[in-house]
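Some notes on the structure that comes next.
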Amino acid sequence: MAVQTTTTSSRPVTVKMRAPVHEQIGLITWQNLMTIFRRPAALIPPIAISLFFLVIYNSTLGGAASFIPDLGASSYLGFILPLSIVSASLSGAGIAAQNLVRNIESGYFDKLLLTPVSRPALLTGTILSGAAILGLQAALVLGVAMLMDLKIETGLLGALAVISMSVLLGLGFAGFTMSAALGSGNAAVTQSASFVFFPLTFLAPTFVPLALLSGWLRVAAQLNPITYVLEAMRTIINVGWDWPVIMSGVLACTILGAAMYLLTLFALRRRTARS
């Protein structure tokens, strides 16, 4: 926020000028990231859990690639890796929201609301910080998978595309946990909200391709946005640039992110209306 002083015929007048929205978002994102990195221990559990399941699933099911018709000779490590990335996004989605809860409990968030900062910028910056953390987690999980001899058909650009999609997915997950933080102001409730999406990972083509599912599980998987994210990531890693499949995943992330952002705005309005 800039301060400009002008002079009238009687006395100087100080005019407070609001910074551009993109600058506000950048500052809020940076402030949240610095706060999160002061507590690096909070970043370890989501990454450790994802790496644990990646190693276990690949060790126990890695030989299944030759027996799954729609997988063929593709790498089962590349097939199961997106599940680990999505799991990291789910378990790590509450990190930025927990930071928001601490700001609410300390009264710092209410002080921010009294400043000229744009409220959408305040929410967007916090959500972006959470998505950035999830992108970092995805990069680490992907790096470990490459040490496990993962071969990405689309090369470095494909690896960047998978990380970018995890960031886009993280916007939705972080937005949902932030709405819980704004609605409750309670750390326990916010942490529990991080696990609401976990059942969706099992109502998806988690261990086998979608074509091998049947009955109600296939119907549920077709309605599940995580299905299209998993399929897009698997296509990038194991197949190549199949744009219809990839764009379906991007669209699913975008719809989820937009819906959760609107939910966060609604939660903020409810909170400010009570205060």
I need the calculated FRET efficiency for the pair Glu153 and Ala48, taking r as the beta carbon distance and R₀ as 25 Å, to the nearest 0.05. 0.35
Excluding ligands, DNA and RNA, what is the solvent-accessible area per residue of the chain at a probe of 1.4 Å, expressed in Å²? 48
Calculate the FRET efficiency for Arg119 and Ser59 from the Cβ-Cβ distance with a Förster distance of 45 Å, rounded to the nearest 0.05. 0.40
Placing +1 at every Lys and Arg Cβ and -1 at every Asp and Glu Cβ, with all other atoms neutral, what dipole size does the chain have around its Cα centre, in debye to the nearest 20? 1220
Treating only the Cα positions of the chain as identical point scatterers, give the base-10 log of I(q)/I(0) from the Debye formula at each q in 0.09, 0.15, 0.16 Å⁻¹. -0.46, -1.07, -1.17
Got a number for carbon plus sulfur as a percent of the chain's accessible area, 1.4 Å probe? 69
Residue separation between Gln222 and Leu140 times 0.36 nm, minus their alpha-carbon distance, gives in nm 26.6 nm
How much length is gained if the chain between Leu262 and Met247 is pulled fully straight, taking 0.36 nm per residue apart and subtracting their Cα-Cα distance, in nm to one decimal? 3.2 nm
Rounding to the nearest 10 and keeping the result within 0 to 90°, find how far the Cα-based axis of helix 94-106 lies from the longest principal axis of the chain. 20
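The values are calculated or read from the model by the stated rules, or taken from the named source; none is laboratory data. The model shown is predicted, which means the values in this text are computed figures rather than measured ones. Cβ coordinates were reconstructed from backbone atoms using ideal geometry, including for glycine residues, and neighbour counts include every protein chain displayed. For the accessible areas, the whole protein counts, side chains as well, though only heavy atoms, and no ligand, DNA or RNA atoms are used. Shrake-Rupley method; radii C 1.70, N 1.55, O 1.52, S 1.80 Å.
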